[in-house]
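Visitor: Just dropping this structure here.
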Amino acid sequence: MGRFSDGLLNHLATFRFDGDVWSYREGDFYVPGSPVLRVDASFGAALLVETLVLSVLNHDCAVASAAARMHDAAVGRHLIEMGGRRTHELAAVAAARAAWLVGFDATSNLLAGTQYGIPTAGTAAHAFTLAHHDEEAAFDAQMRAHGLETTLLIDTYDLRTGLERGLAAAKRLGGVPGAVRIDSGDLTVEVPRVRHWLDDAGAEATRIVVSGDLDEYRIADLADLPVDGYGVGTQLVVGSGHATAGMVYKAVAIARHSGTFEPVVPVHKESEGKATRGGVVRPYRVLQDGIATAEVLVERDRPGPADSRPLHVPLVRDGRAVYPYSLKQDRPFHQRVRAEMAASMRSLDGAPAFEAEVAAESSLN
């Protein structure tokens, strides 16, 4: 591009990040003011990783937060991440990973499945039905290829007719469909009708999966209906309307003389509406009877308060990855810490019950 000096380019060619990074464990929850991630490094190195850090945290945290709310609203019913067509192709993989971390059961993204070991699932497309001479022929071909346990998409033309054709094709193969999917119409009306039709036809074992612009509020609206699973796309991968989590990356302490190992001094912004908190701190979550009641920030050389757990774990030391947990371990960890949240925080219209606050000296004694 011709915009940088040879000195800078030579420096970048041999650059290696050699700092330390601390973070909340993946799957933990955060509240306003939480120092989710801390970077200890030279000034230039710390700034160089800023965009990477924020792009990962802002995207993945927004998706995970939306997915966790949907998981609560689904009250144990099956959840499939199906948002790959609604975001960038690489972001789709990250979104599938974030959703599975917080409780989704499967993804339709095969790359996410191979990269992270996430179970994969899906259903047929309307195009598959349209490619056949008639709907029943499409269902017959699908079940011959994938077995009776496959999920039939029954609303390409008419819902009642589609269901009848699916049942007829399954009967010729000696059973009933494993599931049917409804992707259109007023689900509060259509789901009970389909369940009634299935039961009347002796297909009590056939499950009902719904999809179509679902979010946590829509899932909650369907909670009392005989829905067995949800396929969620757009609203999941865009964070249920919030494409990013709104995190920022700020200098909080700095050594005043280049190349020295002197103690760092706090620095902070005072600009209106964007003031920051200075000083290096370590976060702790205070628990009472298993419920989180406060998040306390203490200076890095001070002990945490009683009845608390430390929130920071090491990600990188001297430039080497040292995170001690796997995604498989972080998934059940998330369910444990989600249970620490007060019920008011987990309601769809809830708000944080507390914010992260710097500890008063008396609280640490």
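The values are calculated or read from the model by the stated rules, or taken from the named source; none is laboratory data. As the structure is a prediction and not an experimental result, all values here were calculated from the model. Neighbour counts are summed over all protein chains in view; Cβ atoms, including those assigned to glycine, are modelled from backbone coordinates with ideal geometry. Areas reflect the complete protein model, heavy atoms only, side chains present, ligands, DNA and RNA absent. Shrake-Rupley method; radii C 1.70, N 1.55, O 1.52, S 1.80 Å.
Visitor: How high is the relative contact order of the stretch 243-365, in percent, counting Cα pairs under 8 Å that sit 6 or more residues apart?
Guide: Averaging sequence separation for qualifying contacts and normalising by length gives 20 percent for the stretch 243-365.
Visitor: Lys and Arg at +1, Asp and Glu at -1: add these up for the other residues within a Cβ distance under 9 Å of PRO310 and post the number.
Guide: +3
Visitor: Using 19 Å as the cut-off for backbone N distance, which residues of the stretch 112-133 belong to the label zone defined by a point 7 Å from the Cα of LEU327 along Cα→Cβ?
Guide: Only 112-122 fall inside the zone, counting backbone N under 19 Å.
Visitor: Something else now. Run the accessible area of the stretch 234-343 with a 1.4 Å probe and give the carbon-and-sulfur part as a rounded percent.
Guide: Of all accessible area on the stretch 234-343, carbon and sulfur atoms account for 54 percent.
Visitor: Just the number please: accessible area per residue for the stretch 223-365, 1.4 Å probe, all protein chains included, in Å².
Guide: With the other protein chains kept in place, the stretch 223-365 gives 60 Å² per residue.
Visitor: Under 12 Å from the Cβ of ALA112, count the other residues' Cβ atoms, weight Lys and Arg +1, Asp and Glu -1, and hand me the total.
Guide: Overall, the nearby charge balance is -1.
Visitor: Report, largest value first, the span of the C-alpha coordinates of the chain along each principal axis, in whole Å.
Guide: Its Cα atoms span 80, 57, 38 Å along the three principal axes.
Visitor: May I pose another question? Net charge near VAL267, counting Lys/Arg +1 and Asp/Glu -1 over other residues with Cβ under 11 Å of its Cβ?
Guide: +3
Visitor: Right, something else. Helix 135-146 versus the longest principal axis of the chain: what angle, 0 to 90°, nearest 10, using Cα atoms?
Guide: It works out to around 60 degrees.
Visitor: What are the chymotrypsin sites (Phe, Trp or Tyr not before Pro) within the stretch 115-211 that DSSP puts in a loop, where the Cβ has at most 10 other Cβ atoms within 10 Å?
Guide: none
Visitor: Pairs of Cα atoms under 8 Å, at least six residues apart: use those to get the relative contact order of the chain, whole percent.
Guide: After rounding, I find 22 percent.
Visitor: Let me ask you something else. Angle between the Cα long axis of helix 50-74 and the longest principal axis of the chain, 0 to 90 degrees, nearest 10?
Guide: It is inclined by approximately 40 degrees.
Visitor: Then there is this: Can you give me the Kirkwood hydrodynamic radius for the stretch 277-365, using every pair of distinct Cα atoms, in Å to one decimal?
Guide: After inverting the mean inverse Cα-Cα distance, the result is 14.9 Å.
Visitor: Mind putting a number on the dipole of the chain about its Cα centre? Charges go on the C-beta only, +1 for Lys and Arg and -1 for Asp and Glu, and I need it in Debye to the nearest 20.
Guide: Here the chain has a charge dipole of around 920 debye.
Visitor: Would you calculate the volume per residue, in Å³, of the smallest convex hull containing every Cα atom of the stretch 82-186?
Guide: 121 Å³
Visitor: Continuing with this model, one more query. Using a cut-off of 16 Å between alpha-carbon atoms, which aspartates and glutamates can reach LYS328, once sequence neighbours fewer than 8 places away in the same chain are excluded?
Guide: GLU26, ASP28, ASP105
Visitor: Then there is this: Which loop-located trypsin sites (Lys or Arg not before Pro) does the stretch 1-87 contain, where loop means any DSSP state but H, G, I, E or B and the Cβ has at most 11 other Cβ atoms within 10 Å?
Guide: For trypsin sites (Lys or Arg not before Pro) across the stretch 1-87 that sit outside H, G, I, E and B with at most 11 neighbouring Cβ atoms in 10 Å, the list reads ARG3, ARG16.
Visitor: Given a Förster distance of 22 Å, report the FRET efficiency between ALA251 and ARG309 from their Cβ-Cβ distance, rounded to the nearest 0.05.
Guide: Calculated value: 0.20.
Visitor: Let me ask something else. Tell me, what is the percent relative contact order of the stretch 103-215, built from C-alpha pairs under 8 Å that lie six or more residues apart?
Guide: Worked out over the stretch 103-215, it gives 20 percent.
Visitor: Give the average over all directions of the projected area of the C-alpha convex hull of the stretch 15-133, one decimal, in nm².
Guide: Projected over every direction and averaged, the Cα hull of the stretch 15-133 covers 10.3 nm².
Visitor: Counting only helical runs of four or more DSSP H residues, what would the 222 nm mean residue ellipticity of the chain come to if each run contributes -39,500 (n - 2.57) and the total is spread over all its residues?
Guide: About -10500 deg cm²/dmol.
Visitor: Below 17 Å, Cα to Cα, which lysines can LYS274 reach? Residues fewer than 8 away in the same chain don't count.
Guide: Answer for LYS274, where 17 Å is the Cα cut-off: LYS250, listed by chain and number.
Visitor: Please report the carbon-and-sulfur percent of the accessible area for the stretch 1-119; probe 1.4 Å, protein heavy atoms only, DNA, RNA and ligands left out.
Guide: 58 percent
Visitor: If the viscosity is 0.890 mPa s and the temperature 25 °C, what Stokes-Einstein diffusion coefficient in µm²/s follows for the stretch 207-365 when Rh is the Kirkwood radius over Cα pairs?
Guide: 124 µm²/s
Visitor: Pull up all non-local amide H partners of ALA106: gap of 5 or more, or a different chain, and H-to-H distance under 5 Å with H placed in the peptide plane.
Guide: Placed amide hydrogens put LEU79, GLU81 under 5 Å from ALA106.
Visitor: Residue-wise, which Karplus ³J(HN,Hα) couplings in Hz belong to the stretch 313-323, taking 6.51 cos²θ - 1.76 cosθ + 1.60, θ = phi - 60°, and x for glycine or proline?
Guide: So the Karplus estimates, Gly and Pro as x, are 10, x, 9, 9, 10, 6, x, 10, 5, 9, 4 Hz.
Visitor: Alpha carbon centre of the stretch 158-219 versus the stretch 224-256: separation in Å?
Guide: 31 Å
Visitor: Write down the percent of antiparallel bridges among all DSSP beta bridges whose residues are both part of the chain, to the nearest 5.
Guide: If I count the DSSP bridges inside the chain, around 55 percent turn out antiparallel.
Visitor: Here is a further query. With θ set to phi - 60°, apply the Karplus curve 6.51 cos²θ - 1.76 cosθ + 1.60 along the stretch 176-191 and write out the HN-Hα couplings as whole Hz, x wherever there is a Gly or Pro.
Guide: 10, x, x, 7, 10, 10, 10, 10, 7, x, 7, 5, 5, 8, 6, 4
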